[in-house]
Amino acid sequence: MRNVMLWAVLGSALGGAIIAILGIVTGDLPDFAAQLIGSLANLFIFACLALLCFLMRERNIFPKLMVFAIGACWLSCLMWWFFIWFMSVRSVTADLEKLFFFMGIVSTVAFWAPYVGLMYWLPITKGSLIVLRRVTVGLASCFAGLVIILYLILMTFGSSRTNDLLEIISRLLGVIGFAGFGLTVVTVVLAFVVRVRDKSKRETMSQKFFVKIVCPRCEALNKLSSGIGKCIQCALLMRVEIEEPRCQCGYTIYRLESDRCPECGQSIPAEDRWMPKQTDSIRRAES
């Protein structure tokens, strides 16, 4: 799959270069600078979106959607290049208008998918924040869906016969857009505030962590901390090593009750998860 994505990126870059070369040959040279800047800006935007989708796929966040969105990013990039280099030398026809609206639909998907991935990449484990994130993503999905419906109406009927409907959709887009933007800011800020608080309160294993050990020589019960200690009866030296459980990304998962790492979002294996039922026995061992 990675090789397919790599060749897709290289192929789209080559196709874009061919479109730009044809545009230079057939277009007006005074417009070259503006077209070149527009092409580079377009390439930068959609390349960043495709990279975000690829990172979300690597983190196993809606992998199928992200693969689809990567294709939408590069298709949008090619279509925008076509319009940048050829719209100045051709008259706008009905077919070109439909192509433009189709490009808007593809570009909407290219922006919406990485947004969803980033929202689910946020380190959110609290119930209230999970609900807030779902509402935020739902509003963003409604916004993207209305934009796609708007483009489909324009493709099918045009703007002259659907003025009232377009006005209603535009008002809905404004309301949902502002509400979604506000909730996005609130969700991101709260997610990182909660993360900082949890990290400052995170219990970590230290030299003060005691375990009960039966001496292998005299069978006396000892309470030892990590490191080197002596048996209380026969003075046998014993070394206690306690390995702090961590996620693959290095984040400590000691006493973490969630089934996902709040740092990278990866699923924590069942054998490494914190079991609340063991709390009482551990506290007795510490006392």
**Prompt:** In the range 104-134, what count of residues is obtained for those that are among the aliphatic types (A, V, I, L, M) and under 19 Å from Cys53 (Cα atoms)?
**Reply:** 9
**Residue satisfying condition, being at pLDDT below 90 and of a type in the set (A, V, I, L, M), within set Ile105, Ile168** = Ile168
**Asked** Which condition number does Leu152 fail, the rest of (1) part of a helix (DSSP H, G or I); (2) under 16 Å from the mean Cα position of the chain (by Cα) being met?
**Response** (2)
**Item:** Filtered residues of the range 47-81 (kept if surrounded by fewer than 18 Cβ atoms within 10 Å (Cβ to Cβ) and either on the phi > 0 side of the Ramachandran plot or at pLDDT below 85 (or both))
**Value:** Ala47, Cys48, Leu51, Leu55, Glu58, Arg59, Asn60, Phe62
**Message:** Given the criteria modelled with pLDDT of 85 or more and out of contact with any helix residue (DSSP H, G or I) (no Cβ under 8 Å at 6 or more places or on another chain), does Val193 qualify?
**Reply:** no
**Message:** Just to be sure before I move on: is Pro262 modelled with pLDDT under 75 and loosely packed, with under 13 Cβ neighbours inside 10 Å in the structure I sent?
**Reply:** no
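The values are calculated or read from the model by the stated rules, or taken from the named source; none is laboratory data. Note that the structure is a prediction, hence the values are computed from the model and not measured. Glycine gets a Cβ as well: all are built from the backbone with ideal geometry, and neighbour counts include every protein chain shown.
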